[in-house]
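The values are calculated or read from the model by the stated rules, or taken from the named source; none is laboratory data. Treat the numbers as computed from the prediction; the structure is a model and nothing was measured. Here the Cβ positions follow ideal geometry from the backbone for every residue, glycine too, while neighbour counts run over all protein chains shown. The area values use the complete protein model at the heavy-atom level, side chains included, leaving out ligands, DNA and RNA. Shrake-Rupley method; radii C 1.70, N 1.55, O 1.52, S 1.80 Å.
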Amino acid sequence: MGLSASSPAAAGCPMHMKTPDHRTENTDDVPAHQERAYEFVACPVKSGASQVKDDIDPSNMMPPPNQQPSPGQPFPLSTVREESSIPRAHSDKKWVYPSEQMFWNAMLRKGWRWKDDDITGEDMTNIIKIHNQNNEQAWKEILKWEALHAVECPCGPSLMRFGGKAKEYSPRARIRSWMGYELPFDRHDWIVDRCGKEVRYVIDYYDGGAVDKNYQFTILDVRPAFDSLSAVWDRMKVAWWRWTS
């Protein structure tokens with residue numbers, strides 16, 4: 001879904017044109033962890049003293065905080081980051097996934113303690129693969145909805161920002177739970193740029209059982225939020241198509 005930068009239609013689209021040298025990329029919505037992300041894409045796995053030496057930021061002579069091993073960390077973790085397929089709004093770059101080390105540090109900040117679980121370095125590698133696969137799948141589902149607006153947005157959508165709302169269950173999830181279905185274990189809201197128009201998508205994550213060979217186990221419920229008449233109309237059309245197919 002969506003046009004690639006190399007396709008004829010996309011080539012003439014302002015969204016896919018390179019920014020002139022005298023202009024700078026709009027970074028208002030860019031999280032700090034994305035600013036230096038490409039320094040860690042497709043680079044060799046590093047650890048120990050060599051990692052700290054190689055990752056020194058010349059502006060402050062310090063390594064990136066979210067790539068440092070935590071105190072007492074039981075094993076080294078990769079700092080390599082994988083580029084996603086998700087276009088970043090107001091940029092010619094794509095979003096970059098966190099490294100194993102970044103994910104580990106993020107879990108610690110949220111209160112998790114590794115001593116409470118029997119976890120290994122291999123587990124962290126698998127967790128990252130599952131995390132990345134979930135996001136790729138979510139974007140594919142968003143592209144299906146955005147295909148309804150291909151005429152008004154021939155460039156295709158891009159992701160502006162996102163946020164987790166694990167304990168803020170959506171009305172749809174609550175209604176499903178009243179009907180006897182399980183509640184989602186996580187929820188994200190993704191804000192998409194549809195050629196200048198902000199569109200919010202709600203993503204509910206449900207447990208789909210065992211992890212398969214493609215690192216998928218999550219069942220995703222992705223749909224545009226009821227923030228506009230356009231979104232309501234999209235939901236009605238898709239519901240009708242599903243009912244009559």
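Could you say which residue among ARG176, ARG187 is among the basic types (Lys, Arg) and either out of contact with any Lys or Arg (no Cβ under 9 Å at 6 or more places or on another chain) or part of a loop (DSSP other than H, G, I, E, B) (or both)? Explain how you work it out, then say what you get.
Numbers: ARG187 fails: either out of contact with any Lys or Arg (no Cβ under 9 Å at 6 or more places or on another chain) or part of a loop (DSSP other than H, G, I, E, B) (or both).
On inspection, the qualifying residue turns out to be ARG176.
Results for (1) over 27 Å from ALA89 (Cβ atoms); (2) buried (at least 16 other Cβ atoms within 10 Å of the Cβ); (3) within 17 Å of the chain's Cα centre (by Cα); (4) among the aromatic types (Phe, Trp, Tyr), shown as yes or no for each residue.
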residue: TRP139; (1), (2), (3), (4): no, yes, yes, yes
residue: ALA166; (1), (2), (3), (4): no, no, yes, no
residue: MET179; (1), (2), (3), (4): yes, no, no, no
residue: GLU182; (1), (2), (3), (4): yes, no, no, no
residue: GLY196; (1), (2), (3), (4): no, no, no, no
residue: ILE203; (1), (2), (3), (4): no, yes, yes, no
residue: ASP212; (1), (2), (3), (4): yes, no, no, no
residue: LEU220; (1), (2), (3), (4): no, yes, yes, no
residue: LYS237; (1), (2), (3), (4): no, no, no, no
- Item | Which numbered condition ARG113 fails, given (1) at pLDDT 95 or above; (2) surrounded by fewer than 16 Cβ atoms within 10 Å (Cβ to Cβ) | (1)
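Can you spot a residue in region 192-202 that is part of a strand (DSSP E or B) and out of contact with any strand residue (DSSP E or B) (no Cβ under 9 Å at 6 or more places or on another chain)?
Looking only at region 192-202, we keep the residues that are part of a strand (DSSP E or B), and these are 192-194, 197-202.
Those still in the list that are out of contact with any strand residue (DSSP E or B) (no Cβ under 9 Å at 6 or more places or on another chain) too: 197.
Checking region 192-202: at least one residue is part of a strand (DSSP E or B) and out of contact with any strand residue (DSSP E or B) (no Cβ under 9 Å at 6 or more places or on another chain).
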- Note on the structure: Note on MET160: of the conditions (1) touching an Asp or Glu at 6+ places or on another chain (Cβ under 9 Å); (2) more than 27 Å from VAL80 (Cβ to Cβ); (3) outside any loop (DSSP other than H, G, I, E, B), unmet is (2)
- In region 95-154, anything in contact (Cβ under 8 Å) with a residue 12 or more places away in the chain, over 21 Å from ALA231 (Cα atoms) and not in a helix (DSSP H, G or I) is listed as TRP95, VAL96, TYR97, PRO98, SER99, THR120
- Failed condition for ASP189, given (1) open to solvent by less than 40 Å² (accessible area, probe 1.4 Å); (2) over 24 Å from LYS129 (Cβ atoms): (2)
